[in-house]
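In what follows, a single structure is set out as structure tokens and then discussed.
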Amino acid sequence: MPNITRRDAVLTGLGAAVAVPALGAAVSPSPAQAAPVRRQGRAGATQHKFEMNIEETRITLVGKQSFQTFAFGGQVPAPLFHVREGDQVEVVLNNLTTLPHTIHWHGLLQRGTWEMDGVPDMTQLGIQPGDSFTYKFVAEPAGTMWYHCHVNVNEHVATRGMWGPFIIDPIKPTPLEREVTGDYILMFSEWASAWADKLGQGGMPGDVFDYFTINGKSFPETQPIRVKEGDVIRLRMFGAGGGFHAIHIHGHVFQIAFKDGHPLPAPINADTVLVGPGERYDIILRCDNPGRWMIHDHVDSHTMNGHTPHGGVMTLIEYDGIPRDQPWYHWAHKEFVPDFYYEQSLKKPHGIYPNSVFKGVAVG
């Protein structure tokens, strides 16, 4: 196991009864800030112990448009947490930035562990620069959840990229879930370039959002979703920013099957789904129409990169067997980057998964 440093993103996902390597005294958790776990979870549950830094980084949305962020694990989106319903989770969070932060575990119920809900001055003190906090809770309920800072959410979440996916697999999957052959995470957000280099500012009424992203990247820096005929894919869509995104998929009728992680009693057939701030929709799409099919935001201004059209929240589904080498095709001569949607990480054993694709450049 590599040595741990304060500047490197400390990311450790371990099984039951395995200790996390200790950090230096400068970032040791404060006993006054860590409350005990009162709920023990299901019998035989796995115990996960993770450690993660918050870092000041610079990411590139598209082209030369960069943005300063407060980044969990030094990346936007943040590392994927993937556990099973009822597992016990412990996360040591180290604040290496210049402003206070917390983590709110959005969608998790925190039964008996309300102190772990991550709201500054309500459930805990904000984690000050150079300090740490230890979160302990049971992962419930099952579903598509996420985590984000709850300090100055107008800036830190809506403008600085402090969000990541938290997927909790159910003990008893639904019949529809058992059909899924591929799982993808799409986190939608928007950015006001006027605040790109001004940490501590932004996210105010009247801001002009002029860049729009999937997983922190604008088209054509997003990646295609590659499938084969007969696949059944699950697209987990997150409203990670402060705007609404009307996501339309060409050539298919999909099923809106889950809302905020919870299965709908009667899935809805649709070709467009409106994802609002904080919402999650899981859609099930049967790959039964070979071709290349656009996925895009039907809020037309969200398909802009600044003043340049044909960008923003756009990607597509590519079927195997369909030629990709036409000279006019956007991705004809670009290298495919796997795991852009955490599709490979979601197939691995439960744990925490950083992703070098989303890693920013350290600032300061």
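Yes or no: T102 closer than 21 Å to W146 by Cα, out of contact with any helix residue (DSSP H, G or I) (no Cβ under 7 Å at 6 or more places or on another chain) and modelled with pLDDT under 95? Working first, answer last.
Values: closer than 21 Å to W146 by Cα: yes; out of contact with any helix residue (DSSP H, G or I) (no Cβ under 7 Å at 6 or more places or on another chain): yes; modelled with pLDDT under 95: no.
Judged against the criteria, T102 is not a match.
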Among E279, E335, the single one that is without any contact (Cβ under 8 Å) to a residue 24 or more places away in the chain and closer than 30 Å to M162 by Cβ is E335
Test set (1) open to solvent by less than 10 Å² (accessible area, probe 1.4 Å); (2) of a type in the set (V, I, T); (3) under 17 Å from I352 (Cβ atoms); (4) touching a residue at least 60 places away in the same chain (Cβ under 8 Å) - V92 fails condition number: (1)
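Restricting attention to the stretch 185-192, does a residue exist that is assigned to a loop (DSSP other than H, G, I, E, B) and open to solvent by less than 10 Å² (accessible area, probe 1.4 Å)?
yes
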Which of the numbered conditions does G360 fail, given that it passes all the others? Conditions: (1) surrounded by 13 or more Cβ atoms within 10 Å (Cβ to Cβ); (2) under 24 Å from the mean Cα position of the chain (by Cα); (3) within 19 Å of M237 (Cβ to Cβ). (3)
Taking first residues from the stretch 184-196 that are without any contact (Cβ under 8 Å) to a residue 24 or more places away in the chain and second residues anywhere that are of a type outside the set (F, W, Y) and part of a strand (DSSP E or B), the pairs with Cβ under 9 Å that are 6 or more apart or on different chains are none
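For (1) touching a strand residue (DSSP E or B) at 6+ places or on another chain (Cβ under 7 Å); (2) under 16 Å from G312 (Cβ atoms); (3) charged (D, E, K, R), each residue gets a yes or a no:
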position: W195; (1), (2), (3): no, no, no
position: Q201; (1), (2), (3): no, no, no
position: F212; (1), (2), (3): yes, yes, no
position: V227; (1), (2), (3): yes, no, no
position: R234; (1), (2), (3): yes, no, yes
position: A240; (1), (2), (3): yes, yes, no
position: H262; (1), (2), (3): yes, no, no
position: I283; (1), (2), (3): yes, no, no
position: C287; (1), (2), (3): yes, no, no
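Can you confirm whether the stretch 100-119 contains a residue that is part of a loop (DSSP other than H, G, I, E, B), of a type in the set (S, T, N, Q), closer than 21 Å to G242 by Cβ and open to solvent by less than 10 Å² (accessible area, probe 1.4 Å)? Give the derivation first.
Of the residues in the stretch 100-119, the ones part of a loop (DSSP other than H, G, I, E, B) are 100, 102-103, 107-113, 117-119.
Adding the requirement that they be of a type in the set (S, T, N, Q) leaves 102, 110, 113.
Checking the rest, the ones that are also closer than 21 Å to G242 by Cβ come to 102.
Checking the rest, the ones that are also open to solvent by less than 10 Å² (accessible area, probe 1.4 Å) come to 102.
Checked the stretch 100-119: at least one residue is part of a loop (DSSP other than H, G, I, E, B), of a type in the set (S, T, N, Q), closer than 21 Å to G242 by Cβ and open to solvent by less than 10 Å² (accessible area, probe 1.4 Å).
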Could you give me the residue pairs with C-beta distances under 6 Å whose first residue belongs to the stretch 295-309 and is in contact (Cβ under 8 Å) with a residue 12 or more places away in the chain, whose second residue is open to solvent by 20 Å² or more (accessible area, probe 1.4 Å) and in a loop (DSSP other than H, G, I, E, B) wherever it lies, and which are 6+ apart or on separate chains? G306/D210
Evaluate the stretch 242-259: report whether one residue or more is open to solvent by 40 Å² or more (accessible area, probe 1.4 Å) and closer than 30 Å to T46 by Cβ. yes
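Could you please give the count of residues in the stretch 262-284 that are in contact with a Lys or Arg (Cβ under 8 Å, 6 or more places away or on another chain) and either farther than 26 Å from E155 by Cβ or open to solvent by 50 Å² or more (accessible area, probe 1.4 Å) (or both)?
Restricting attention to the stretch 262-284, the residues satisfying the condition of being in contact with a Lys or Arg (Cβ under 8 Å, 6 or more places away or on another chain) are 279-284.
From the residues that got through so far, the ones that are either farther than 26 Å from E155 by Cβ or open to solvent by 50 Å² or more (accessible area, probe 1.4 Å) (or both) too are 282-284.
Count: 3.
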All but one of (1) assigned to a loop (DSSP other than H, G, I, E, B); (2) touching an Asp or Glu at 6+ places or on another chain (Cβ under 9 Å); (3) in contact (Cβ under 8 Å) with a residue 40 or more places away in the chain; (4) aliphatic (A, V, I, L, M) hold for L346, so report the exception by its number. (1)
Residue in the stretch 285-309 that is least open to solvent (accessible area, probe 1.4 Å), counting only those that are within 30 Å of M145 (Cβ to Cβ) and in contact with a helix residue (DSSP H, G or I) (Cβ under 8 Å, 6 or more places away or on another chain): D297
Collect the residues in the stretch 193-226 that are in a loop (DSSP other than H, G, I, E, B), within 21 Å of D339 (Cα to Cα) and charged (D, E, K, R), keeping them in residue-number order. E221
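Please verify whether the stretch 209-220 includes one or more residues that are under 17 Å from the mean Cα position of the chain (by Cα), charged (D, E, K, R) and open to solvent by 10 Å² or more (accessible area, probe 1.4 Å). Reasoning before the result, please.
Kept after step one, since they are under 17 Å from the mean Cα position of the chain (by Cα), are these residues of the stretch 209-220: 212-218.
After this cut, where a residue has to be charged (D, E, K, R) as well, the list is 217.
Going one step further and asking which of them are open to solvent by 10 Å² or more (accessible area, probe 1.4 Å), we end up with 217.
Yes, that holds for at least one residue.
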Hey, does the stretch 50-70 have a residue that's crowded, with 23+ Cβ neighbours inside 10 Å, part of a loop (DSSP other than H, G, I, E, B) and modelled with pLDDT of 95 or more? no
Taking the stretch 310-343 and the residues there that are of a type in the set (G, A, S) and in a loop (DSSP other than H, G, I, E, B), the one that is surrounded by the most Cβ atoms within 10 Å (Cβ to Cβ) would be G311
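The values are calculated or read from the model by the stated rules, or taken from the named source; none is laboratory data. On a predicted model such as this, the values are computed, not experimentally measured, just so you know. Neighbour counts run over all protein chains shown; Cβ positions are idealised from the backbone, glycine included. Surface accessibility is based on the protein's heavy atoms, side chains included, excluding ligands, DNA and RNA. Shrake-Rupley method; radii C 1.70, N 1.55, O 1.52, S 1.80 Å.
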